[in-house]
Amino acid sequence: MTKLSIEKFGKEGKRVHRSLSKRRRVTATFIMMLLVTTLIASPLPKVTATPSLVKIDYIDPTSGPVGTTVRVVGKIDTTNGLYRILFDEEEVGNGTSVGTAVNTTFAVPLSAKGNHSVTLVDVVSDNQSMPVTFNVITSYYVTAEPARIQEGYNTTITVGVNEAEANATYTFTINVTDPQPIPASYTATLTVSTNATGSGSNSALYYGNFSAGANTNYTGTYTVAVIAVDETLANGSFTVGLTDKVEYRITNDVIIRGSGYGGEEKVTAKITCVETGKTVFLENRSATGRCCQL
């Protein structure tokens, strides 16, 4: 009887031993799972990005026509680093900063009128500033070629615009005033078409394409005004003389021409030395077809 009890106890003891060992394994596994879950659930340390220092403090001026010199003052990230200046997407300047400071200038390129973006770029960090606005203003010009002619000849007057509306057409009145004691004025209408950058020009002959009576029969300075809607947009001038040149070398031929005379009207050409007052040339000639040339 005692022997049977011992065997039975022994078997139960083994079962109890095995049962305790299994519980320990389950407990250890559970603890490990908790540790892994804790590690996964723990927030990762935050990575703080270094803020970019690239900025434009100011530009001066903030508006103007094409060709305006604009100063840019600002900073970049890189000490003594390379930088670029962009006008919209076009590079208009570059250089090396002093420390991180940028102080430079650029010329406004051909562009249509209105607001455009100026941006400072750090070449090394590839960071760029917030854009600053530059307002392009329309400019107008007028030229005469040749700028000096003899009486009775035409000159070509050209009117142009820059920084206007892109792909647009403008109408101008050209007003030319002669140098008479009581001046007379003559006009012509001219249209100018612009391209994608807002630039364009067109030309007219003075006196051939101007109002009735226009002429170059008087020596002196003829003034030119470009007008639109009662506003003068540009001014210019050209001169009319009797001789084909203003300076000559010894033995050079001098061509003298006058205009506005009546048919067969007698004309006298006289050249006097300024220093001595001596007449060095004197000739009489009849006008032909309202002109006289010697």
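So here's what we get for this one:
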{"item": "Criterion (in contact with an Asp or Glu (Cβ under 6 Å, 6 or more places away or on another chain), outside any strand (DSSP E or B) and not assigned by TED's automatic domain parsing to the domain that holds Ser199) met by exactly one of Ser125, Ser117", "result": "Ser125"}
{"item": "Residue list for region 245-264, restricted to those being within 12 Å of Thr288 (Cβ to Cβ) and surrounded by fewer than 13 Cβ atoms within 10 Å (Cβ to Cβ)", "result": "Gly262, Gly263, Glu264"}
{"item": "Of all residues in region 108-148 being among the hydroxyl-bearing types (Ser, Thr, Tyr) and farther than 23 Å from Ser63 by Cβ, the one that is nearest to the chain's Cα centre (by Cα)", "result": "Thr143"}
{"item": "The lone exception for Glu89 - which of (1) at pLDDT 95 or above; (2) more than 30 Å from Tyr206 (Cβ to Cβ) it fails", "result": "(1)"}
{"item": "Counted residues, region 257-276 - those being of a type in the set (Ser, Thr, Tyr) and not in a strand (DSSP E or B)", "result": "2"}
{"item": "Residue within region 280-288 that is buried (at least 17 other Cβ atoms within 10 Å of the Cβ), assigned by TED's automatic domain parsing to the domain that holds Val161 and of a type in the set (A, V, I, L, M) present", "result": "no"}
{"item": "Residue in region 226-246 that is modelled with the lowest pLDDT, counting only those that are over 16 Å from Gly160 (Cα atoms) and assigned to a strand (DSSP E or B)", "result": "Thr243"}
{"item": "Checking Ser199 against (1) in contact (Cβ under 8 Å) with a residue 60 or more places away in the chain; (2) under 18 Å from Ser259 (Cβ atoms), the condition it does not meet", "result": "(2)"}
{"item": "Residue within region 280-294 that is of a type in the set (Lys, Arg) and modelled with pLDDT of 85 or more present", "result": "no"}
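The values are calculated or read from the model by the stated rules, or taken from the named source; none is laboratory data. What you see is a predicted model; the values in this text were computed from it and never measured. In this analysis, Cβ positions are derived from the backbone assuming ideal geometry, glycine residues included, and neighbour counts consider all displayed protein chains.
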